[in-house]
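Trainee: Take this structure, written in structure tokens, and hold onto it; I'll ask about it next.
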Amino acid sequence: MIEKRDFYIDGAWVAPLAPRDCPVIDPSTEDACAVISLGSAADCDRAVAAAKAAFPAWAATAPEVRRAYVVKILEQYEARTEEMAKAISLEMGAPIKLARESQAPCLPWHLKNFLTAFDAIEWVRPLGPHAPNDRIALEPIGVVGLITPWNWPMNQVTLKVIPALLAGCTCVLKPSEEAPLSSMLFAEFVHDAGVPPGVFNLVNGDGLGVGTRLSEHPDVEMISFTGSTRAGRAISRTAAETLKRVTLELGGKGANLIFADADEKAVERGVRHMMNNSGQSCNAPSRMLVERSIYDATVEKAAAIAQGIEVGPASKEGRHIGPVVNKRQWDQIQGYIQKGIDEGARLVAGGLGLPEHLNRGFYVKPTVFADVKPGMTIEREEIFGPVLSIIPFDTEEEAVRIANDTPYGLTNYVQSTDGARRNRLARQLRSGMVEMNGKSRAAGSPFGGIKASGRAREGGHWGIEEFLEAKAISGWDSAAE
């Protein structure tokens with residue numbers, strides 16, 4: 001069992017002031033795989049103080065110097081890639097193949113995209129030809145608190161820490177206590193890259209302790225949070241007292257609109273995307289809306305695909321889905337499956353309980369409901385597990401109405417070979433992202449939503465700009481530039 005008890009504050013690993021043991025549970029076995037300490041408000045205050053002291057010098061550091069440090073973080077990752085993949089697989093149950101091919105590589109993918117965007121930033125630029133002596137300067141916002149989730153741990157750490165450092169901010173990271181091991185490894189990358197003390201700090205803790213203290217701390221100028229909509233609301237209320245900037249990337253209930261002219265792989269693509277990472281992705285296409293003329297065939301196909309998806313331990317090689325992260329999550333998903341049955345949806349794959357070949361671990365059967373009606377609990381609420389709802393529609397207008405009738409607005413999907421239809425729907429669907437015919441967003445595209453999905457825009461130049469303030473300057477002497 002791994003034992004990592006320290007926090008990373010002011011460039012060193014330090015013991016917590018009042019240690020509280022917290023086991024990290026391997027969801028494949030239900031056994032503890034590590035022990036960490038949960039921090040207190042006092043530990044958080046130490047980290048914020050270190051970040052505040054380091055901010056003036058870091059903010060004044062030349063952009064090319066900050067860039068060089070970030071490149072060194074990438075070099076550390078490249079030397080320890082397998083270690084990162086194994087940490088993620090162990091702590092949150094991602095199958096090792098998924099951890100190697102998708103989870104861990106989030107770090108180099110986003111980091112390189114940020115460097116491309118960073119190189120194009122004009123830190124001081126003219127307002128316009130009408131105002132030759134006015135400039136707009138981009139400046140770091142200050143000390144930022146970063147709160148990240150367990151489901152894609154390195155994805156979210158990279159989307160927050162790297163742009164904060166490039167922007168010239170100093171930061172305090174609170175990773176999820178469910179999946180802290182990858183973040184502690186990331187802290188080693190930062191340390192070994194030589195990033196100056198106090199620029200990056202890590203304090204493990206829970207939401208009520210460290211998360212609340214970061215959100216209310218008067219010296220924290222910004223909170224960037226990824227997690228549940230419920231927690232996002234609480235953070236917003238707490239942060240409002242100090243008028244800090246808050247960026248939120250929250251839940252989703254994505255609609256996947258499948259038309260009769262969709263390509264032959266559309267249904268399989270949608271089912272496998274939903275089940276990927278055991279359904280624990282905020283952008284999962286959890287509502288499959290199907291044109292009625294192909295509805296019955298689609299239900300039959302989706303059920304067969306789900307029934308063919310293997311479930312197994314995270315340590316097992318191969319392409320399968322692993323467990324969900326913990327017992328609380330497992331219980332919640334079982335409750336949603338029961339609710340779907342009780343409310344009259346037709347269960348066509350999966351269902352309640354553990355898969356037949358497993359008797360230990362937080363495994364959920366890949367589950368598909370057909371004949372789901374708008375307004376059912378499983379259609380309205382984010383389940384965050386491998387549970388797909390299939391809903392028929394008759395017209396394009398009806399499909400848009402059902403898709404948009406949700407509190408969430410993160411990602412929607414369209415499957416059609418009709419280009420004009422795709423273009424119409426891309427503008428009509430109310431979400432921060434629309435992906436069509438299996439085409440993923442390109443490098444540098446922003447990730448984020450609207451409504452109850454939050455309004456963060458992470459990635460590319462949008463992701464860096466979230467950590468910057470625009471300063472208007474008049475009376476600039478262009479001759480002295």
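The values are calculated or read from the model by the stated rules, or taken from the named source; none is laboratory data. All values derive from a computational prediction rather than experimental measurement. For neighbour counting, all protein chains shown are included, and Cβ atoms are generated from backbone atoms with ideal geometry for every residue, glycine included. All accessible areas refer to the heavy atoms of the entire protein, side chains included, with ligands and DNA or RNA removed. Shrake-Rupley method; radii C 1.70, N 1.55, O 1.52, S 1.80 Å.
Trainee: Which condition number does PRO197 fail, the rest of (1) assigned to a helix (DSSP H, G or I); (2) at pLDDT 95 or above; (3) open to solvent by 10 Å² or more (accessible area, probe 1.4 Å) being met?
Mentor: (1)
Trainee: Can you work out which of the residues in region 79-107 that are acidic (Asp, Glu) and more than 16 Å from PRO175 (Cα to Cα) is surrounded by the most Cβ atoms within 10 Å (Cβ to Cβ)? Steps first, please.
Mentor: Going residue by residue through region 79-107, those that are acidic (Asp, Glu) are 82-83, 91, 101.
Imposing the further condition that a residue be more than 16 Å from PRO175 (Cα to Cα) reduces the set to 82-83, 101.
Numbers: GLU82: 12, GLU83: 15, GLU101: 12.
Only one residue fits best here, namely GLU83.
Trainee: For the subset of region 302-324 comprising residues that are under 27 Å from LEU289 (Cα atoms), small (Gly, Ala, Ser) and assigned to a loop (DSSP other than H, G, I, E, B), which member is least open to solvent (accessible area, probe 1.4 Å)? Quick ask: steps written out before the conclusion?
Mentor: Step one: list which residues in region 302-324 are under 27 Å from LEU289 (Cα atoms), which gives 302-311, 319-324.
Narrowing further to those that are small (Gly, Ala, Ser): 302-304, 306, 308, 322.
Keeping just the survivors that are assigned to a loop (DSSP other than H, G, I, E, B) gives 308, 322.
Values: GLY308: 60, GLY322: 2 Å².
Result: GLY322.
Trainee: Considering only residues that are buried (at least 24 other Cβ atoms within 10 Å of the Cβ) and touching a Pro at 6+ places or on another chain (Cβ under 7 Å), look in region 126-156 and name the one that is farthest from ALA51 (Cα to Cα).
Mentor: The residue in question is PRO153.
Trainee: Continuing with the same structure: In region 215-231, is there at least one residue being modelled with pLDDT of 95 or more, in a helix (DSSP H, G or I), open to solvent by 10 Å² or more (accessible area, probe 1.4 Å) and more than 28 Å from GLY279 (Cβ to Cβ)?
Mentor: yes
Trainee: Give the residue, chosen from ALA99, ALA53, that is more than 18 Å from the chain's Cα centre (by Cα), more than 16 Å from GLY194 (Cβ to Cβ) and assigned to a helix (DSSP H, G or I).
Mentor: Values: ALA99 fails: more than 18 Å from the chain's Cα centre (by Cα).
Answer to the check: ALA53.
Trainee: Being within 26 Å of ILE305 (Cβ to Cβ), in a loop (DSSP other than H, G, I, E, B) and not acidic (Asp, Glu) is the filter here, so list the residues in region 388-420 that pass it.
Mentor: Scanning region 388-420 gives THR406, TYR408, LEU410, SER416, THR417.
Trainee: Further question on the same structure: Which pairs do you get when a residue that is charged (D, E, K, R) and buried (at least 20 other Cβ atoms within 10 Å of the Cβ), found in region 32-44, comes within reach of a residue that is modelled with pLDDT of 95 or more and part of a strand (DSSP E or B), reach meaning Cβ atoms under 8 angstrom, with the pair 6+ apart or on two chains?
Mentor: Listed by first residue and then by second, the contacts come to ASP43/PHE7; ASP43/ILE9.
Trainee: So which of ASN423, ASN404 is more than 30 Å from ILE341 (Cα to Cα), of a type outside the set (D, E, K, R) and open to solvent by 10 Å² or more (accessible area, probe 1.4 Å)?
Mentor: ASN423
Trainee: Scan (1) open to solvent by less than 10 Å² (accessible area, probe 1.4 Å); (2) in a loop (DSSP other than H, G, I, E, B); (3) not acidic (Asp, Glu) for the single condition LEU257 breaks and write down its number.
Mentor: (2)
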